[in-house]
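Heads up, the thing below is written out as structure tokens.
Where a number appears in this text, it was derived from the coordinates with a stated rule and is not lab data. Values in this document were obtained by computation on a predicted structure and should not be read as measured data. Cβ atoms come from the backbone with ideal geometry, glycine included; neighbour counts cover every protein chain shown.
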Amino acid sequence: MTSNDILGRISRTGIVPVVRASSGAEALAVVEAIRAGGIDVIELTMTVPGAVDVIRELSKGCGDQVLVGAGTVLDAETARACMLAGARFVVSPIVDLPTIACCRTYDVPVMPGALTPTEVVRAWQAGAAMVKVFPCHAVGGASYVKALKAPLPQIPLVPTGGVTLENVGDFIHAGAVAVGAGADLADVKKVRTGAVAEVSERARRYVKAIEQARAGQPRT
């Protein structure tokens, strides 16, 4: 799978679930619940214990059926370990130039985190494939993305932070190529209590909401 293939799949899916969990087993259960709901792109954060091993397990077990990315990557060394384990894309909450350079060396799409216009452009010029706008909810949410897109239409933005089922369509309408969704979708608490089906159903509703937003329809 080429870098363009990966970016195309993220764009088509329109959502990157951000999986945080207290154990590798818990993270795998969340991933499976989301996958059952029709979302085949996953960001597994480095805050999950043994995250690199979990990425390796997912990559080997799922192959191309699930696009597994590494999240909360703060340095090039971690990025390299994740890519060697099978991560197809790398996400960071910051703009770390060595991390971007490392990902480009391996031809793996990297999505640095930026907030201000200066940070967004800096990340893009350094080689970001997409730019994660984070924490987006702290500066106006969808309206902020719309404001960024006006002078920077060429930069694919992935707002993350505060994305919910209720507002995901607003982010798509604002010009986001995709969104990053955390606990509102990747709900570890529900998985712990056995409500896995609820997580899967929420994933299906996210998929539908994004489809409706792209078609210009109101969410139902």
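A few notes on this one:
- Taking a straight Cα-Cα cut-off under 24 Å and skipping sequence neighbours fewer than 8 places away in the same chain, the lysines within cross-link reach of LYS132 are LYS146, LYS149, LYS208.
- Computed about the Cα centre, the dipole magnitude for the chain is approximately 400 debye when only Lys and Arg (+1) and Asp and Glu (-1) carry charge, each at its Cβ.
- Ellipticity estimate at 222 nm from DSSP helix runs (n ≥ 4, -39,500 (n - 2.57)) divided over the chain, nearest 500: -14000 deg cm²/dmol
- Computed from backbone phi with θ = phi - 60° and the Karplus coefficients 6.51, -1.76 and 1.60, the 3J(HN,Hα) list for segment 87-98 is 4, 8, 8, 10, 10, 9, x, 9, 9, 10, 4, x Hz; x is used for glycine and proline.
- Computed over segment 96-153, relative contact order equals 29 percent, with contacts defined as Cα pairs under 8 Å that lie 6+ residues apart.
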